Amino acid sequence: MRLNKIKYKLIAGIGIIAILPAIPLSYLFQNMIDKLFSLRLNNRIETALEDAVDISRSLIQNEKKTSLKNTRQFIENPMVLALLRKYISRQLNANDLNDLVNLKLLESNKLDGVAIYDNSLQQIFLSTVYERRDIVNGLKDTLFARDRLLTNSESVDYREAEHLLVTGIPVSLPNQQRGVILSVFVITPGFYGKTESVLTALQLYKTFNVESENIKASFFYAFLSIYFIIICLSIGLSVFFSAVMTHPIKNLALGTEQISKGNLDYQINIKPRNDEIGQLMVSFNQMVQNIKQEQDRVLYLEKMSAWREIAQRLAHEIKNPLTPIQLTVQQIKDSYKGNDPKYKKILEECYEIVDEEIQSLRNLTNEFSEFARMPSMSYKPTQLNQIIKDVVAFYANVRFKLLLQDDLPTAELDAEAVKRIIINLVDNSLSATGGKPDSQITICTRSSETTIRLIISDNGHGIPKENLVRIFEPHFSTKTSSMGLGLAIVKSIIEEHKGQIEVDSIENLGTTFTIDFRIKAPNLFDNV
C-alpha cells in the first residue's frame with residue numbers, strides 16, 4: 001500500500017538523524033581521549049614516581065642498615081658480653097640475666113626486642129618492649145634464624161604482617177659456641193604502606209603507558225558499541241511509532257476508499273486514544289454519519305417530492321370528474337317519473353352507493369391534495385411546551401400525561417407544522433389504544449445544548465416489527481380507512497426541520513415516537 005512509503009520515510013529519517021552525529025561525536029570522543037591520555041601520560045609524572053620509589057627504597061635500606069648497626073652495637077656491648085659469660089658459666093640464671101639486660105639497654109640501642117639463641121636454637125635470653133612477645137619468641141623457629149647459623153651471614157628481613165624489621169647476626173658466644181642474635185624493630189605501618197603505594201602506582205603507570213593504545217581503542221570501541229545500541233533502539237522505536245502513526249492513517253485511507261465507492265455504512269474501528277489522530281478518526285466517523293443522514297434525508301425528500309407530484313396529478317385527475325358524475329347520477333334519479341317502486345328503489349340504492357363512493361374519492365383526493373400542498377417552512381422562536389398544551393386542549397376526553405421540562409428553551413420552529421406533527425401522532429396513538437379503558441398518551445419534553453426532544457408514547461397494541469421499517473413510507477398503512485400519508489407527512493416536516501425521528505414499539509405494550517429538533521433553525525449550509 002502507498003502508505004508504506006510514509007512508514008519507510010519515517011524510519012529512514014529517524015535512522016539518518018541517529019546516525020549523522022556519529023561522525024563528529026566519534027572525532028570529538030577520540031580527540032578527548034587523546035588529550036586526556038596526553039595529560040596523564042608524560043615523563044615528568046613517571047620520573048616523579050620513580051624518584052619517590054627510589055627515595056622510599058633508600059629510606060627502607062637506611063632503616064635496615066640502622067637496625068643491623070644497632071644490633072651489632074648491642075651484642076658488642078661489654079656489659080652484655082660480661083653478663084653472657086656469667087650466664088654460660090652458670091654464675092647467673094636466666095631470670096637474673098633478663099633482669100640485668102633491661103629495657104633501658106634495648107632503648108639505648110633503639111631496638112624493640114632482642115633474643116639470643118645457641119647453636120641448637122635454645123633461648124639464652126629474651127627481652128622486648130614489643131607487645132607481641134610471642135611473635136619475637138617464635139622467630140627461632142623460622143628459616144630466617146636457621147639460615148643465619150648455616151650460612152653464617154647477616155640479614156635484615158621485613159615481616160609485612162607485623163610491620164617488623166627482623167635482624168639476624170651470627171655471633172660467637174663466650175663459651176666459643178656459635179649462636180645467633182635476633183633483634184626486632186617496629187616500623188610505622190604508614191611509612192612502609194606509603195612506600196608500597198608509590199611502587200604500585202609506578203607499576204600501574206608503566207602498565208598504563210605501555211597499554212595506552214589498547215586502552216584508548218577499548219574506550220573507543222565501547223563508545224561505538226553504546227552508540228550502535230542507541231542507533232538500534234532509535235530505529236526500533238521509529239519502526240514502532242511509525243506503525244502507530246501510519247496504522248490509523250491506513251484505516252482512514254481505507255475508509256475514504258469505501259466512501260468513494262458509496263459505502264456510507266462504513267465506520268472505522270477506533271481504539272481509545274487521546275491524541276489528534278484519535279480525534280481525527282472520531283471526526284471521520286461523525287462526518288460519515290452526517291453524510292449518511294444527509295443522503296438519507298435528500299433521498300427521502302426526493303421521494304416525497306415525487307409522491308407529491310403523483311398525489312397532485314391523482315387529485316386533479318380524480319377530483320375533476322367527481323362532480324359531473326355525482327350530478328349525472330342525481331339527475332338520473334330525479335328524472336325518473338314512473339310508478340314502478342321497485343325500479344325507483346334500485347335507482348335510489350344506486351345513487352346512495354355512487355354518492356358514498358364519490359365521497360370516499362373526495363376524501364382520498366383531499367388527502368392527496370393535503371400531502372401535495374406541503375407549505376414552505378417559516379421558522380420563528382417557538383415554545384414547544386405551549387404548542388403541546390394547545391393541541392392537548394383539542395382532545396377534551398383523552399387522558400394525557402404531560403412531563404414537560406419547565407425551563408425548556410425556545411427553538412426556531414414552524415409552529416403550525418409542529419402542531420400538525422403532534423396531531424398526527426396523537427391520532428395514531430388514539431387509533432392504537434382502540435378505546436381501552438386504561439389507555440393513556442404520554443407526552444414529555446427534554447433539552448440538550450443544541451436540541452430539544454419531543455417524546456410521544458402510548459400503551460396501545462404496538463406495531464409489528466416487520467412494519468417498523470415502512471411506517472414512514474407514503475401509502476403504507478395497516479388501517480383500511482387511511483391512505484397512510486399521516487406519518488409520511490410527519491417525517492417530511494421533520495426532515496424539513498433537519499431533525500430526526502425514531503420509533504420504538506413492542507406489540508401489545510405500546511409505541512414511542514422520539515423527535516429531536518434543533519434549537520437553531522437549519523440553513524442552507526448545514527451538514528456541508
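The values are calculated or read from the model by the stated rules, or taken from the named source; none is laboratory data. What you see is a predicted model; the values in this text were computed from it and never measured. Here Cβ is always computed from backbone atoms with ideal geometry, including for glycine, and neighbour counts include all displayed protein chains.
Hey, can you tell me all the residues within the stretch 469-528 that are at pLDDT below 85, aliphatic (A, V, I, L, M), surrounded by fewer than 20 Cβ atoms within 10 Å (Cβ to Cβ) and more than 16 Å from Arg453 (Cα to Cα)?
Within the stretch 469-528, Val469, Met483, Leu524, Val528 qualify.
Does the stretch 305-319 contain any residue that is at pLDDT 75 or above, within 60 Å of the chain's Cα centre (by Cα) and not in a loop (DSSP other than H, G, I, E, B)?
No.
Identify the single condition in (1) exposed (fewer than 12 other Cβ atoms within 10 Å of the Cβ); (2) within 20 Å of Asn62 (Cα to Cα); (3) at pLDDT 75 or above that Pro189 does not satisfy, given that it satisfies every other one.
Here Pro189 meets the rest and fails (3).
Give me a count of the residues in the stretch 238-259 that are more than 21 Å from Gln279 (Cβ to Cβ) and at pLDDT below 80.
Selection size over the stretch 238-259: 3.
Hey, among the residues in the stretch 65-104 that are closer than 18 Å to Ile169 by Cβ and in contact with a Ser or Thr (Cβ under 8 Å, 6 or more places away or on another chain), which one's modelled with the lowest pLDDT?
My answer is Val101.
If you go through the stretch 243-254 one residue at a time, do you hit one that is more than 29 Å from Ile11 (Cβ to Cβ) and among the polar types (S, T, N, Q)? Talk me through it step by step, then tell me what you get.
Filtering the stretch 243-254 for residues more than 29 Å from Ile11 (Cβ to Cβ) gives none.
No, the stretch 243-254 contains no residue that is more than 29 Å from Ile11 (Cβ to Cβ) and among the polar types (S, T, N, Q).
Looking for something among the small types (Gly, Ala, Ser), more than 19 Å from Gln500 (Cα to Cα) and in a helix (DSSP H, G or I) - is there at least one such residue anywhere in the stretch 421-430? Lay out the reasoning, then the answer.
Within the stretch 421-430, the first condition is being among the small types (Gly, Ala, Ser), and the residues that meet it are 429.
Those left that are additionally more than 19 Å from Gln500 (Cα to Cα): 429.
If we keep only those that are in a helix (DSSP H, G or I) as well, we get 429.
Checked the stretch 421-430: at least one residue is among the small types (Gly, Ala, Ser), more than 19 Å from Gln500 (Cα to Cα) and in a helix (DSSP H, G or I).
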